[in-house]
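The values are calculated or read from the model by the stated rules, or taken from the named source; none is laboratory data. Just so it is clear, the model here is predicted, and its values are computed rather than measured. We place every Cβ from the backbone using ideal geometry, glycine too, and count neighbours over all the protein chains shown. What goes into the accessible areas is simple: the full protein's heavy atoms, side chains included, and nothing from ligands, DNA or RNA. Shrake-Rupley method; radii C 1.70, N 1.55, O 1.52, S 1.80 Å.
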Amino acid sequence: MPADGYELTVAKGTGINLLADGLVEQRLARSAFPLKVYARLRPRREIIAGDYLLVPGDTLATMLAKLAAGAVQRHTITFAEGLTLNQWRKTLAKKDNIDHTLAEKSNTEIAASLGIEYENPEGWFAPDTYVYLSDDSDLTILRRAHQRMETMLASLWAEREDGLPYKTPYEALVMASIIEKETGVAEERAQIAGVFVRRLLKDMRLQTDPTIIYGLGAEFDGNLTRKHLRQLSPYNTYRHGGLPPTPIANPGAAALEAALHPAVGNELFFVAKGDGSHHFSVSLNEHNKAVRDFQVDRREKNYRSAPTPALTTPTTEAPTASAQAPTVTTAPTAGEAP
């Protein structure tokens, strides 16, 4: 046995005879006979499936005790805030110790399997670290994440501020996903939320790049162009008023909190400064000046709109470089005046 131990995987339905033979094949036991005899002398118990850590010094007795007690190894999988369901699926697919059931399922079929009433289940999964066993399925993990999001959204919706431009918790979820994708500095979430909420209340278009990028899907190659901004996609918030039809990512609790408790203020615009933070402006003239200052005159080779690859932070009015995409090659006219 290796000095740091050995992880023994017991499949569902494995009996003591099959297990004993397997231990011999894996050179964890010299003979299957003593193990079979020992097991028959002990009270019969079902062997619980899972991964077991065997360490140097384990005897037949301690090994069987672990199996009988179901002392299986716990595994973890982490989903960061702002990832899409397709990114979650890729993360799950890379795990070799879970039951893979999603490969042939569309996102719509996943929604139906989980009882999600929306055809596109984007946004309905709470980012977090989840503990699972080796015989858990990828769909089981998604179900836990969905249940957590449902609970979290219901709780935060019940304590929302008055006067918000959302008719349903789902609309708040959509807004939270946009805030998540626009935020590069955590402290700015509520301020970004405030800008978007005020724009909706004034019937101004949101004009936010992450929604367009989401609508492009696999077509997006890293450069957001004028052609993309002219497309009539329902996710093009430069062309359409209000919120996009669905969330564009899975937001975390902080983004939901910001969407339901936006910062008070009168800013209607913001632009990325290049270090992950933003400059917020009240008037269009001030905003246009900030665009020139931060995205034209002072732009550097290492310019970024978000500090880490996990977050995307394009500007509200003029596309800029983001952590997940190269520099945008063309920029639209600055946003609408109130």
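At q = 0.20, 0.29 Å⁻¹ the log10 of I(q)/I(0) for the range 242-284 amounts to -0.97, -1.05, computed by Debye summation with a single uniform scatterer per C-alpha, solvent ignored.
Amide H contacts of THR9: TYR52, each under 5 Å away and 5 or more positions distant or on a separate chain (H built 1.01 Å from N in the peptide plane; Pro and chain starts excluded). Multiplying the residue separation of ASP51 and LYS36 by 0.36 nm and subtracting their alpha-carbon distance yields 3.4 nm.
Near GLY82, the amide H atoms lying under 5 Å from its own belong to ASN250, GLY252; only residues 5 or more places off or on other chains count, and H is placed 1.01 Å from N. For LYS289, a cut-off of 20 angstrom between C-alpha atoms picks up these lysines, skipping any fewer than 8 places away in its own chain: LYS273. Packing here is the average count of other Cβ atoms within 10 Å per residue, and on that basis the peptides 193-204, 240-251, highest first, run 240-251, 193-204.
Overall form of the range 1-151: prolate. Here a/c, set by the Cα gyration tensor axes a ≥ b ≥ c, is 1.5 or more, and a/b is the larger of a/b and b/c. Take the Cβ atoms of GLU7 and ARG143, set R0 to 22 Å, and the FRET efficiency comes out at 0.30.
The calculated FRET efficiency for the pair HIS100 and ARG27, based on their C-beta separation and a Förster distance of 25 Å, comes to about 0.30.
Given a 1.4 angstrom probe, what's the average accessible area per residue across the range 165-204, in square angstrom?
Result: 32 Å² per residue.
If r is the Cβ-Cβ distance from THR59 to SER113 and R0 is 35 Å, what FRET efficiency results, to the nearest 0.05? According to the calculation, E is roughly 0.20.
Would you please classify the overall shape of the range 102-257 from the alpha carbon gyration tensor, given that a ≥ b ≥ c denote the square roots of the eigenvalues, rounded means a/c under 1.5, and beyond that prolate means a/b larger than b/c while oblate covers the rest? Because a/c hits 1.5 or more and a/b fails to exceed b/c, the range 102-257 counts as oblate.
Remark: for residue pairs LYS167/LYS227; LYS66/LYS90; LYS12/LYS66; LYS36/LYS66, the C-alpha separation exceeds 22 Å in LYS167/LYS227; LYS66/LYS90.
Which aspartates and glutamates, on any chain, are close to LYS181 with Cα under 12 Å apart, when same-chain ones fewer than 8 places away are left out? Correct list for LYS181: GLU81, ASP209.
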